[in-house]
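Okay, here's the structure, questions in a sec.
The values are calculated or read from the model by the stated rules, or taken from the named source; none is laboratory data. Bear in mind the structure is a predicted one, so any value in this text is a computation, not a measurement. Virtual Cβ from ideal backbone geometry, glycine too; neighbours counted across all protein chains shown. To get the accessible areas, we keep the full protein, side chains included, count just its heavy atoms, and leave off ligands, DNA and RNA. Shrake-Rupley method; radii C 1.70, N 1.55, O 1.52, S 1.80 Å.
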Amino acid sequence: MRTQLIFLFISLLLLKSESLNCYENNPKGHPSDLRVFHINGPCSPFKKPNTVSWESTLLQDKARLQYLSSLAVKSSVPIASGRSIVQSPTYIVRANIGTPAQPMLVALDTSNDAAWVPCSGCVGCASSVLFDPSKSSSSRTLPCEAPQCKQAPNPTCNVGKSCGFNMTYGGSAITASLTQDTLTLANDVIPNYTFGCINQATGTSLPAQGLMGLGRGPLSLISQTQNLYMSTFSYCLPNSKSSNFSGSLRLGPKFQPLRIKTTPLLKNPRRSSLYYVNLVGIRVGNKIVDIPTSALAFDPATGAGTIFDSGTVFTRLVEPAYLAVRDEFRRRVKNANATSLGGFDTCYSGSVVFPPVTFMFAGMNVTLPPDNLLIHSSSGSTSCLAMAAAPNNVNSVLNVIASMQQQNHRVLIDVPNSRLGISRETCT
């Protein structure tokens, strides 16, 4: 009996000690330490009387992962090739404009600033999908004295003193009214987004449902959303033949890749919207090609240098650089003669082993997989080097790393830290 009483007394002491330990701070710990209990632990007031099963825990985990996933994609906008969806070689995203939202499939352009969409009443617009500002309660035209009017390309003052602008794009031209409205990308709502509402268009090279500029200028999406996205974004372009929205535009510094090769971004006041980098060499196979220094040099005075561009399809190199790369590529293809096909001058039929090509940037090398290096004929029997010489015009001094060479890579643009990064990512 005495033994039983002693045992009961000790048990009560232990329970009291446990109760005190549940709610008292640890005297040996930091004065700001707070005790952490499991929700179903002995100290928790929420402890359930029955044991929680692993099955219910797995269901809770699933719900939690869905929540975390929703956080991760908050500022991630799906990208698709426009080739089969809107019959355009550009890449497109879904943008909702206005209140209530009117959906548009707009082209992404990292070398353009102004955004524009075809609007109701447009003369010469080819698209049947038009934005109607009269059906949006949040739409308004900007007056001539608005600061954005001075930032627009070739601004004009229209009747009623509303601001307009006109510009060329490829072989086309547009006239637009400068407009502000709510833009929704994925789950992000961007009020007072400034863009052009196209009134008149000529030519056939315009993206059918409009364009969203991601350049460095004041009217680009990146500049208009500095407080939200901090001038940082990345994108992964799927294969151009894919009809799925499997690529992504990731906006803001969160959820960007941590381990990624980078090279410094360069600023060129002559072409201030473009994302310049320092291309220092090109390797074909294991040989660094002998390219004149001037062909790769960055020169703010002339606009010369190398840019990354999402709107150009095939990489263009200034003529001396392209000829040197092409000739070395041909030398390394054994027992086969190069032919021409369309605009490509280094094509081969049948089974051929092709050498790898590596772009050598300051601090970063990028070796192109075969899918980024070769274009195939519709029959599949002919493969061509998917590069060409720069055109003999104002862009003759510009090397352009184009969308085909960027496909299935994550391209990071980090303006505050002046860097461009690339990592391999399959998004097709």
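Met230 accessible area, nearest 10 Å², 1.4 Å probe?
110
A further question on this structure: What is the packing order of peptides 300-309, 139-148, taking the mean over residues of other C-beta atoms within 10 Å and listing the highest first?
So the order, starting with the most tightly packed, is 300-309, 139-148.
Say the dipole of the stretch 245-395 comes from +1 at the beta carbon of Lys and Arg and -1 at that of Asp and Glu; which of Gly363, Ala338, Val353 then lies farthest toward its positive end?
Sorting the options by dipole projection puts first Gly363.
Let me ask something additional. Quick one: if the Förster radius is 35 Å, what FRET efficiency do Ala173 and Thr367 give, using the C-beta to C-beta distance and rounding to 0.05?
Working: r = 40 Å, r/R0 = 1.14.
It comes out at approximately 0.30.
Another question about this same structure. Show me 338-345, 291-298 ranked by packing, highest mean number of other Cβ atoms within 10 Å first.
So the order, starting with the most tightly packed, is 291-298, 338-345.
Then there's this: Considering only DSSP beta bridges where both residues belong to the stretch 71-182, give the percentage that are antiparallel (nearest 5). Please report the intermediate quantities before stating the final value.
Working: 21 of 22 bridges.
Taking every DSSP beta bridge with both residues in the stretch 71-182, the antiparallel ones total about 95 percent.
Taking a cut-off of 26 Å, what percent of all Cα-Cα pairs in the stretch 272-393 are separated by more than that?
20
While we're on this one: So what's the net charge close to Pro218: Lys and Arg +1, Asp and Glu -1, counting the other residues with Cβ under 10 Å from its Cβ?
Once all neighbours under 10 Å are counted, the net charge is +1.
Here is a follow-up. What order do you get for 175-183, 374-382, 128-136 when each peptide is scored by the mean count of other beta carbon atoms within 10 Å, highest first?
Order by mean packing, descending: 175-183, 128-136, 374-382.
Relative to the present Cα-Cα distance, how much length would full extension add between Gln226 and Ser138 at 0.36 nm per residue of separation?
Between Gln226 and Ser138, full extension yields an extra 29.5 nm.
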